[in-house]
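First comes the structure, then the notes that go with it.
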Amino acid sequence: MKLIGWNPFNSNEALTMDSTKVSFYKGVPVFRTNSRSGSFYAIFMDREDSFGPYAEDDLRHEYGHSIQLMKLGPVKYGFGIGVPSWLEFTFHGPNDMYTEQPWEITADIFGGVESRYHITSDISKAYWYFSILGML
């Protein structure tokens, strides 16, 4: 990996966002796509997300989903995080309510997102949701 310039333990968001095809962020492979960003054992990052005002936070958020996956496992993550996220985005689009869903809030928290702030009651609900999901 060193010969081709890949650092699997890269933690620099800017280096990851500058990639055009494949890179790594904190041990997670990042593949650049031409469609919506998402995460499942890898981060699939929309190339357009590199140009937004909070590009680094888009990457951090997707990394937060990777943490959720590691803590929950693929089945709980798929049904408790992936499906609700897909449904909310598909039927309501990327609006403020989408980012205030409990599964999105914990992804923000686990990933270290800096540009979105959540009120205390929503954070509490998010942790409850995640804890209950983990116990199922």
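Any read-out appearing in this document is the output of simple, stated calculations on the displayed coordinates, not a laboratory observation. Not measured: the values here are computed from a predicted model. Glycine gets a Cβ as well: all are built from the backbone with ideal geometry, and neighbour counts include every protein chain shown.
Compared with the dominant principal axis of the Cα atoms in the chain, helix 102-111 is inclined by about 40°. Out of every Cα-Cα pair in the chain, what percent are more than 22 Å apart? In whole percent, the long-distance tail amounts to 35. Give me the Debye-computed log₁₀ of I(q)/I(0) at q = 0.17, 0.21, 0.27, 0.32 Å⁻¹ for region 49-98, equal point scatterers on Cα only, no solvent, two decimals. Computed log10 I(q)/I(0) values: -0.61, -0.86, -1.05, -1.07. Relative to the longest principal axis of the Cα atoms of the chain, the long axis of helix 120-135 makes an angle of roughly 90 degrees.
What FRET efficiency comes out for the pair Val22/Met70, r = Cβ-Cβ distance, R0 = 22 Å, nearest 0.05? Efficiency, rounded to the nearest 0.05: 0.60.
Amide hydrogen proximity for Ser37: with H placed 1.01 Å from N in the peptide plane, the residues at 5 or more positions away or on another chain lying under 5 Å are Asp46.
Once C-alpha pairs closer than 8 Å and six or more residues apart are averaged by separation and normalised to the residue number of region 2-135, the relative contact order reads 18 percent.
Calculated mean residue ellipticity at 222 nm for the chain: -14000 deg cm²/dmol, from DSSP H runs with n ≥ 4 weighted as -39500 (n - 2.57), summed, divided by the residue count and rounded to 500.
As a test, work out the antiparallel percent of DSSP beta bridges whose residues both lie in the chain, rounded to the nearest 5. Counting DSSP beta bridges with both partners in the chain, the antiparallel share is about 60 percent.
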